[in-house]
Amino acid sequence: MSRAPSKAPSQRQLRVAEEIRYALAMTIERGDVHDAVLQQHPLTITQVRVSPDLKNATAFFTPLGGGEAAPLLDALKRATPFLRHELARRVNMKFVPRLSFQTDTSFDEYSHIEELLHRPEVLRDTGASHTPGNEDDDDIDDTDDATDGTDRLKD
């Protein structure tokens, strides 16, 4: 009986992906890659996805400080052979996967969704009474902050 193909990554894929992410991040952070673009523009490796056969790995990155991603992507592509060599040294695997790099857009997508959810028409349609700028937003104990230094329970 054969198993149905699973869409979720296996534990092994997740473990290998995290080892690769850590090794790539440390190699780039330490300045081992001798590329002017990578040394001048900091980036972070946010995620690595590994194919089920562990032969291909896609590393997602984002420039720190909101910089331009295109020059970093070109620099990472130029440095791919060196980075594979470093992975072979740092990660205990029989075969080092082929590396590819992609810009991580998940943070931009999150910001866009957050912006959409805080539009007045969306707040009105959802019936949300929580609005930005409400002075009592951080009051988790459900009490009113009184000016005399005492909190009274809200009615």
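The values are calculated or read from the model by the stated rules, or taken from the named source; none is laboratory data. Note that the coordinates shown come from a computational prediction; the quantities given were computed from them, not determined experimentally. Cβ sites come from the backbone with ideal geometry, for glycine too, and all protein chains shown count toward neighbours.
A few notes on this one:
- Among the residues of the stretch 53-94, those identified as surrounded by fewer than 17 Cβ atoms within 10 Å (Cβ to Cβ) and in contact with a helix residue (DSSP H, G or I) (Cβ under 9 Å, 6 or more places away or on another chain) are PRO71, ASP74, ARG78, PHE82, ARG89, ARG90, VAL91, ASN92, MET93.
For every residue, the table says whether it meets (1) aromatic (Phe, Trp, Tyr); (2) touching a residue at least 24 places away in the same chain (Cβ under 8 Å); (3) in a helix (DSSP H, G or I).
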residue	(1), (2), (3)
ILE20	no, yes, yes
LEU24	no, yes, yes
THR27	no, yes, yes
GLN39	no, no, yes
THR44	no, no, no
ARG49	no, yes, no
ASP74	no, yes, yes
ARG84	no, no, yes
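- Among the residues of the stretch 102-121, those identified as modelled with pLDDT of 80 or more and under 28 Å from ALA75 (Cα atoms) are GLN102, THR103, ASP104, THR105.
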